[in-house]
Amino acid sequence: MYCVRTVTNDLYWVGANDHRLTLFENIHPIPKGVSYNAYLLLDEKSVLFDTVDWSACRQLLENVEHLLDGRELDYLVINHMEPDHGASIEEILLRWPNVKVISTEKAFLLMHQFGFHADSHECIQVKEGDTFCFGSHTVTFVAAPMVHWPEAMVTFDTTNGVLFSADAFGSFIALDGKLFADEVNFDRDWIDEARRYLTNIVGKYGPHVQLLLKQAGGILDQIKFICPLHGPVWRQDLGYFIDKYDKWSRYEPEEKGVLIAYASMYGNTEAAAQALASRLCEKGITNVAVYDVSNTHVSYLIAESFKYSHIVLASVTYNLGVYPVMKSFLEDMKALNLQNRTFALIENGSWACKSGDLMEKFINEEMKNMTVLNERLSLASSLQGDKAAELDALASTLADSLNGQE
Ligand SMILES: Cc1cc2nc3c(=O)[nH]c(=O)nc-3n(C[C@H](O)[C@H](O)[C@H](O)COP(=O)(O)O)c2cc1C
Ligand SMILES: [Fe+2]
Ligand SMILES: [Fe+2]
């Protein structure tokens with residue numbers, strides 16, 4: 001059975017939802033699922049914008065066949081070749097042998113590499129600024145390299161103001177009937193998963209997202225709909241989400257607040273993390289989030305590190321090193337290019353405490369534009385009463401820094 005929704009005149013969502021996949025890209029948990037969005041324009045010509053993951057191919061085909069109602073599919077526009085969108089290309093080519101494929105040079109190369117036979121079809125190679133007319137709709141193509149792969153482009157329909165934004169402005173979470181961001185409580189129910197999607201998937205390519213935002217900025221008043229490849233379509237309050245993207249891609253904290261991530265084997269470092277959280281709240285700093293790195297998937301930690309202005313890392317020393325899971329969180333923050341944060345450190349060691357120095361060295365030498373506060377809380381096995389003043393000093397320094405009195 002088909003399952004489609006109308007985006008606006010002549011334009012339909014023909015994608016599908018996935019609640020079966022446990023790990024997106026085989027790495028990021030998606031407990032609330034994900035959608036693969038594809039869009040069909042029925043103009044004088046019929047145009048399919050992107051396809052879906054292989055697991056959703058059947059639903060895509062039923063949707064497209066239903067809407068075409070016997071018409072030919074004239075064009076397939078491929079904005080992004082990653083297999084969560086491109087995997088069904090070959091099936092479209094087989095079903096509609098006359099379909100013409102529109103994409104970038106790099107995307108055609110990737111199609112070939114993935115074993116798709118686009119070359120047996122008419123291939124229309126487009127580049128930045130090219131336009132194409134499908135009847136009453138004229139689109140213009142905008143290169144979007146590294147958002148999220150090098151071949152990516154976005155397509156702007158100048159007739160109705162629809163921006164097919166590829167992975168940009170996407171989110172985890174299956175749509176489950178809702179199509180538009182204004183049909184859900186986005187700020188309450190979706191923003192955390194949208195942040196986790198963007199920061200983990202495209203976080204590394206902030207400058208490339210910035211470039212795209214700059215280009216979009218030039219036509220902002222003309223953009224009426226943002227149609228991403230995952231998550232809801234935006235037709236209201238576009239500025240809200242564009243502003244979030246702007247912050248994330250500039251590595252600017254979204255909120256003044258503290259992420260406390262701790263690594264603890266027997267609970268003593270954990271107790272110190274909790275004690276610090278309480279002290280902060282006593283001082284009126286209540287925007288505090290505490291996570292155990294050992295039982296929190298790093299994608300959540302990354303999302304939170306992009307959200308908050310201040311990050312406290314509390315780690316045991318482990319065989320003269322930083323606890324491996326904490327080390328991997330640090331490596332991930334570096335890999336995703338996180339910048340402009342203020343760190344505070346809690347270290348623990350029972351005979352040769354090293355974790356604080358090692359974390360500080362990593363932050364200072366491997367990461368960009370980070371500040372590490374001087375006040376470090378150093379524990380010998382556990383937090384004892386004699387450390388109360390140090391704990392309080394750390395909380396005060398953090399509070400001052402948060403209140404802008406560094
Ligand atoms: C496997 C293992 C290796 C450790 N390696 C070190 C070490 O090299 N240097 C050190 O000072 N403490 C070491 N510790 C002690 C911890 O850093 C920490 O002091 C202790 O686990 C108490 O903190 P916790 O309750 O938060 O786990 C080690 C502990 C374990 C279980
Ligand atoms: Fe992608
Ligand atoms: Fe994607």
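The values are calculated or read from the model by the stated rules, or taken from the named source; none is laboratory data. This is a predicted model, so every value here is computed, not measured. All Cβ positions, glycine included, derive from the backbone under ideal geometry; neighbour counts span all protein chains shown. Keep in mind that these areas ignore ligands, DNA and RNA; they rest on the heavy atoms of the full protein, side chains included. Shrake-Rupley method; radii C 1.70, N 1.55, O 1.52, S 1.80 Å.
Please indicate, with yes or no, whether at least one residue in the stretch 41-58 is assigned by TED's automatic domain parsing to the domain that holds G231, more than 25 Å from F114 (Cα to Cα) and in contact with a His (Cβ under 8 Å, 6 or more places away or on another chain). Yes, the stretch 41-58 has at least one match. If you go through the stretch 94-109 and pick out every residue that is more than 14 Å from M153 (Cα to Cα), of a type in the set (D, E, K, R) and either not assigned by TED's automatic domain parsing to the domain that holds V77 or not in a strand (DSSP E or B) (or both), you end up with 1. If you go through the stretch 79-93 and keep only what is of a type in the set (D, E, K, R) and either more than 16 Å from ligand 3 (Cβ to nearest atom) or outside any helix (DSSP H, G or I) (or both), you end up with E82, E90, E91. With respect to K224, is the statement that it is of a type in the set (K, R), at pLDDT 95 or above and either surrounded by 24 or more Cβ atoms within 10 Å (Cβ to Cβ) or under 24 Å from N37 (Cβ atoms) (or both) true? In short, yes.
Looking at the stretch 166-264, the helices (runs of 4 or more DSSP H) lying wholly inside it that each contain 3 or more residues that are within 16 Å of ligand 3 (Cβ to nearest atom) sit at 191-201, 206-218.
Conditions (1) surrounded by 19 or more Cβ atoms within 10 Å (Cβ to Cβ); (2) assigned to a helix (DSSP H, G or I), marked per residue:
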residue: N337; (1), (2): no, no
residue: K361; (1), (2): no, yes
residue: E365; (1), (2): no, yes
residue: L379; (1), (2): yes, no
residue: A393; (1), (2): no, yes
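Evaluated against (1) within 20 Å of R250 (Cα to Cα); (2) open to solvent by less than 40 Å² (accessible area, probe 1.4 Å), A344 falls short on exactly one condition, (1). Per the listing G267, G203, G161, G217, the residue uniquely more than 12 Å from the chain's Cα centre (by Cα) and closer than 26 Å to I311 by Cβ is G267.
Being open to solvent by less than 10 Å² (accessible area, probe 1.4 Å) and more than 19 Å from V258 (Cα to Cα) narrows it down to one residue among S305, S355, S299; which is it? On inspection, the qualifying residue turns out to be S355.
From the list A344, A352, the one residue that fits, being within 16 Å of ligand 1 (Cβ to nearest atom), under 21 Å from N268 (Cα atoms) and not in a helix (DSSP H, G or I), is A352.
Scanning the stretch 44-62 for residues that are in contact (Cβ under 8 Å) with a residue 40 or more places away in the chain and open to solvent by 20 Å² or more (accessible area, probe 1.4 Å) gives E44, K45, Q59, E62.
The single residue among T22, T6 that is over 21 Å from P83 (Cα atoms) and without any contact (Cβ under 8 Å) to a residue 24 or more places away in the chain turns out to be T6.
With respect to the stated conditions, F329 fails to be touching a residue at least 60 places away in the same chain (Cβ under 8 Å), in contact with a Lys or Arg (Cβ under 7 Å, 6 or more places away or on another chain), outside any loop (DSSP other than H, G, I, E, B) and within 30 Å of D243 (Cα to Cα).
Within the stretch 317-332, the set of residues being open to solvent by less than 10 Å² (accessible area, probe 1.4 Å), out of contact with any strand residue (DSSP E or B) (no Cβ under 6 Å at 6 or more places or on another chain) and within 21 Å of N374 (Cα to Cα) comprises L330 only.
A quick yes/no check of all residues on (1) more than 25 Å from Q215 (Cα to Cα); (2) over 27 Å from the mean Cα position of the chain (by Cα); (3) in the same structural domain as R235 (by TED's automatic domain parsing); (4) touching a residue at least 60 places away in the same chain (Cβ under 8 Å):
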{"position": "G70", "(1), (2), (3), (4)": "yes, yes, yes, no"}
{"position": "I92", "(1), (2), (3), (4)": "yes, yes, yes, no"}
{"position": "D119", "(1), (2), (3), (4)": "yes, yes, yes, no"}
{"position": "F134", "(1), (2), (3), (4)": "no, yes, yes, yes"}
{"position": "F141", "(1), (2), (3), (4)": "no, no, yes, no"}
{"position": "D157", "(1), (2), (3), (4)": "no, no, yes, yes"}
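Candidates are the residues of the stretch 97-134 that are open to solvent by less than 20 Å² (accessible area, probe 1.4 Å) and not hydroxyl-bearing (S, T, Y); the one that is farthest from ligand 2 (Cβ to nearest atom) is F134.
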